[in-house]
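Working notes, beginning with the structure itself.
Coordinate-derived values only; no laboratory data. Keep in mind that this is a model prediction, so the values were computed, not measured. Neighbour counts run over all protein chains shown; Cβ positions are idealised from the backbone, glycine included.
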Amino acid sequence: MVTDSIDAYLDYRRTLRGSSPHTLAAYSGDLVQLAEYLESQQVRDLAAVTVAHLRGYLAELAGHDYARSTIARKLSAVRSLFRWARQHGWVTEDPSRSLRAPRKGTRLPKWLRDSELNVLLALPDRSPAGLRDWAILEMLYASGLRAGEAVHLDVGDLDLQTHEVRVREGKGGKDRIALIGRPAVEALERYLTEGRPELAAAGRRPCPALFLNRWGGRLSDRGIRRVFDRYASRACDRLKITPHVLRHTFATHLLNHGADLRSVQELLGHASIATTQVYTHVTSERMKAVHRKAHPRAEEKSSAPPKQGGDTDR
């Protein structure tokens with residue numbers, strides 16, 4: 001069965017590759033979607049999959065208006081599955097080898113202006129859930145954490161004295177230290193003393209998670225996204241605010257205020273500085289806009305030469 005081989009592959013990534021829960025969830029979602037397509041084509045064994053089946057799968061994704069970057073990610077998961085399957089004897093040939101990912105378009109990150117960010121951070125009320133939401137928003141903006149990383153934080157991962165957050169098993173399975181500022185520390189202190197105890201009281205047993213749901217258990221990745229949905233439309237109608245938009249805002253604001261690219265790379269937890277360099281396009285566009293707005297001759301195509309004669313040195 002196709003699903004049996006997918007389960008074995010995910011178990012391999014979990015036990016031998018040490019993939020993070022976030023990575024495993026992403027691979028699982030993409031490969032289950034592949035299995036569902038193959039089932040619709042009456043293909044129930046991985047060894048029976050042909051390149052024509054995989055091309056049909058990619059065509060179906062394109063027909064459902066998936067972004068090219070999303071299709072490329074799903075194809076990467078398929079390639080990884082078949083590479084593993086060939087190495088471990090599930091298939092004799094790899095039908096994914098001849099496939100080419102769609103060329104990704106250059107898409108700049110979306111980020112919030114200062115005024116929009118201030119509105120967003122001021123929206124949560126001071127109920128237990130509101131204090132939690134306020135702490136989440138302040139911390140994600142202050143640290144640049146991904147939503148999946150915030151979900152896995154425990155109370156013990158915070159050091160509010162040193163303004164540090166220990167991120168366990170971030171992307172790529174790597175731990176790192178994230179930094180937060182005074183506003184985030186204040187929001188977290190208020191949540192830990194006034195909000196979290198009331199949320200924890202609803203649980204049947206103690207939960208170490210930093211962010212709790214209304215039943216006293218660990219807030220899920222979907223739960224954090226619901227937090228954003230609750231406030232997004234009231235803070236900004238220019239774009240949809242997601243946890244990743246707040247991460248983009250963190251990086252863009254750092255660069256706009258003079259941070260060097262290597263430091264931003266470390267704070268974001270990027271393995272390669274090439275990933276971080278996308279933010280330089282954002283800041284260069286901002287500089288061009290400032291120049292066009294502020295320089296008196298920035299919009300002129302050409303300028304006439306100065307008139308000859310007379311005193312020009314004034």
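Table for the structure above
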quantity: Region 170-259: chymotrypsin sites (Phe, Trp or Tyr not before Pro) in DSSP loop, at most 13 other beta carbons within 10 Å; calculated: 215
quantity: Modelled FRET efficiency - R0 41 Å, residue 119 with residue 92, Cβ distances, 0.05 increments; calculated: 0.10
quantity: Sequence-separation-based contact order of the chain, relative, with Cα cut under 8 Å and 6+ spacing, percent; calculated: 16
quantity: Global form of region 1-145, assessed from the alpha-carbon gyration tensor, a/c cut-off 1.5; calculated: prolate
quantity: Distance-filtered residues of region 236-253 - backbone nitrogen under 20 Å, label point 7 angstrom along residue 229 Cα→Cβ; calculated: 236-247
quantity: Residue 51/residue 257 FRET efficiency (R0 41 Å; Cβ-Cβ; nearest 0.05); calculated: 0.25
quantity: Global geometry of region 2-87, whether rounded, prolate or oblate, following the gyration tensor of its Cα atoms and the 1.5 cut on a/c; calculated: oblate
quantity: Contact order normalised by residue count of region 114-292, Cα under 8 Å, 6+ apart, percent; calculated: 24
quantity: Relative contact order (percent, whole number), region 41-193, Cα cutoff 8 Å, 6+ residue spacing; calculated: 16
quantity: Inter-label distance, nm, simple model (7 Å from Cα along the C-beta direction), residue 1/residue 179; calculated: 5.1
quantity: Extension gain from residue 155 to residue 11, taking 0.36 nm per residue of separation minus the Cα-Cα distance; calculated: 48.9 nm
quantity: Difference of contour (0.36 nm per residue) and Cα-Cα distance, residue 280 to residue 198; calculated: 25.2 nm
quantity: Point-to-point label distance, residue 237-residue 127, nm (Cα→Cβ direction, 7 Å offset); calculated: 2.5
